[in-house]
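All of the numbers you see were taken from the coordinates with simple rules; none came from a lab. In this text the structure is predicted, and so the values were computed from the model without any measurement. Glycine also receives a Cβ, built like all others from the backbone with ideal geometry; neighbour counts cover every protein chain displayed.
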Amino acid sequence: MEGGTTPIMKPSFKKRVQCIQTAFLLCAIAVGVGLVWTTLGNPESREAAAAETAQRTYLRGTIYDRDGKAINYSEEVNGTRKYTGGRAFSTVTGYFSRIYGTTGIEKTFNTELVSSKCKGDTKKGHDITLTLDRDLQNAAYDSISNIAEGAAVVLDAQTGEILALASTPTYEPETLEDNWSELCSVDGLFLPNAYKSTFAPGSDFKIITACAVIDNGVADTTVNDQGSYTFKNGQTITNYDSRAFGEIDLDGAIKNSSNVYFITKALEMGSDKLEASLRKFLLGEDIQLDFTTLSSNLDFEDYRDEVVGSIAFGQGKTEVTPLYMAMAAQAIGNDGVMLKPYMIQSIDTGDGKNVTTGQTTELTTVTSKETADQVTSAMTLAAEHYGFDYVGPEGWDIAAKTGTAQTGTNTNAWIVTFAPSENPKYVVVVMAAHQGHDGIYYKDSVDQLYDALVDYDQSQNSSSNSSNSDE
């Protein structure tokens, strides 16, 4: 065309179709690459995808208590989960929901529960048997059921088995899907206080500091306790109710819970030695257990005297779980050897073949037998001071330490115990967070648990005697 522009030629219909096909092909390739990465390159996604597939094929395995009674179970593939443990167990075993996912044991062992090498036509996931005793777990929950934010722990001091692990707040797993919106408004509901949330320990921490006092050679002299200690920066720390105890030794400091004594001894030994001793208890480390990871916090900041002194009596930035404090008490009662707590008694395939069995494992040595014995003796005197009686027909005496950590206007109240004090069988810890009471207020909860433990111990002895006679 003269004096005009070159016309733009429209592509033929065939070429337009080819362009569209090419675009679709490129998109398909991109999606395919993404799926390959998701299912092959990303191990977590690959595992989740495999579990999702297995869930539609396998009957989900059963979670049992230590006596083989079902807690969480399924009756049909990919069906609604059934629960017999109720509120007492839900913060440990958790839930399985096709809508809201999983928590607790259901989540940690989801892959095992939905897959198993079964022979024959029946496809069933692994069954998991826990170390939890149903009666003790119910007793633990009952002991704290009137505490808004509480925890109760029972350990077998000689094996490390977790016999009870109860937390509040809790929930009814059977109605979880119906009440989901309401449950989501409850702070910390899915971070169980017994083993997932951390708290300032207060004076029960003094049993750990006491080991440091002895191990670092500063326990031989007394402290003149006038009821308060003033640091160089002018900050003053008082004993509970500003009580003064005069010349006081380690036994008296544990029995009367003297802040002044432990501040004085911490500064006498020095921050480096104190920290080294506390680290032997694995404070500040993540401890991998068979069903969870325990966390704690130990922060000396810049090692100022007031920070070191506060740590010594269980304040500062120190935070622990109730299960951790049970471990610390178990170590002291066990001649200084800390066992690794465990909850998985066994895992079996869907057709009954055992693939995993829990066992006693020494985690670390926190102190010497001589030091542990000395701290145990002081804790036994403290238990008498608190009014603990001998327990059960065998007359167990109890070793104990209370704690009351200030948390703003409220307190974290603790009682850490084991019995019998010589060669302990059991550890019992009760904690109430953000309350207005001191530790001794919850003594009845501990007594309640020891009453249940006496029955448990007798049943264990009866079972053992019966097995021996059958042989």
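Relative contact order for segment 342-450: what percent, with Cα pairs under 8 Å and sequence separation of 6 or more? If you can, show how the numbers build up before the last one.
Values: 163 pairs, mean separation 18.2, N = 109.
Answer for segment 342-450 is 17 percent.
Structural size metrics of segment 205-327, computed from C-alpha coordinates, are Rg and Dmax of 14.6, 47 Å. Taking Lys and Arg as +1 and Asp and Glu as -1, the other residues whose beta-carbon sits under 9 Å from that of G188 total -1.
Considering segment 135-195 at the alpha-carbon level, its Rg and Dmax are found to be 13.0, 43 Å. Residue by residue, segment 443-450 carries 3J(HN,Hα) couplings of 4, 4, 5, 5, 4, 4, 6, 5 Hz when phi is fed to the Karplus relation 6.51 cos²θ - 1.76 cosθ + 1.60 (θ = phi - 60°); x denotes Gly or Pro.
Rounded to the nearest whole Hz, the Karplus-based 3J(HN,Hα) values (6.51 cos²θ - 1.76 cosθ + 1.60, θ = phi - 60°) of segment 252-257 follow the sequence x, 5, 5, 4, 9, 6, with x at glycine and proline.
State the volume of the convex hull built on the alpha-carbon positions of segment 315-471, expressed per residue in Å³ and rounded to an integer. Normalising the Cα hull of segment 315-471 by residue number yields 168 Å³. Placing unit charges on the Cβ atoms of the charged side chains and taking the dipole of the chain about its Cα centre, the candidate lying farthest along the positive direction among T264, Y100, Y240 is Y100. Simple rule: put +1 on each Lys or Arg Cβ and -1 on each Asp or Glu Cβ in segment 142-210, find the dipole, and look at Y171, L155, L189; the Cα lying farthest toward the positive end is L155. Dividing the convex hull volume of the alpha carbon atoms of the chain by its residue count gives 238 Å³ per residue. The trypsin sites (Lys or Arg not before Pro) of segment 156-233 that meet both conditions, a loop assignment by DSSP and at most 16 other Cβ atoms within 10 Å of the site Cβ, are K232.
Calculate the all-directions average of the projected area of segment 280-340's alpha-carbon convex hull, and give it in nm².
Details: hull surface 17.9 nm².
One quarter of the hull surface, i.e. the mean projection, equals 4.5 nm².
Using alpha-carbon pairs under 8 Å, 6+ residues apart, how would you state the relative contact order of the chain in percent? Don't skip to the end; give the middle numbers.
Details: 967 pairs, mean separation 72.8, N = 471.
Once divided by the residue count of the chain, the mean separation gives 15 percent.
Would you calculate a helix-derived [θ] at 222 nm for the chain, using -39,500 (n - 2.57) for each DSSP H run of n ≥ 4 and dividing by the full residue count, to the nearest 500? It lands at -11500 deg cm²/dmol.
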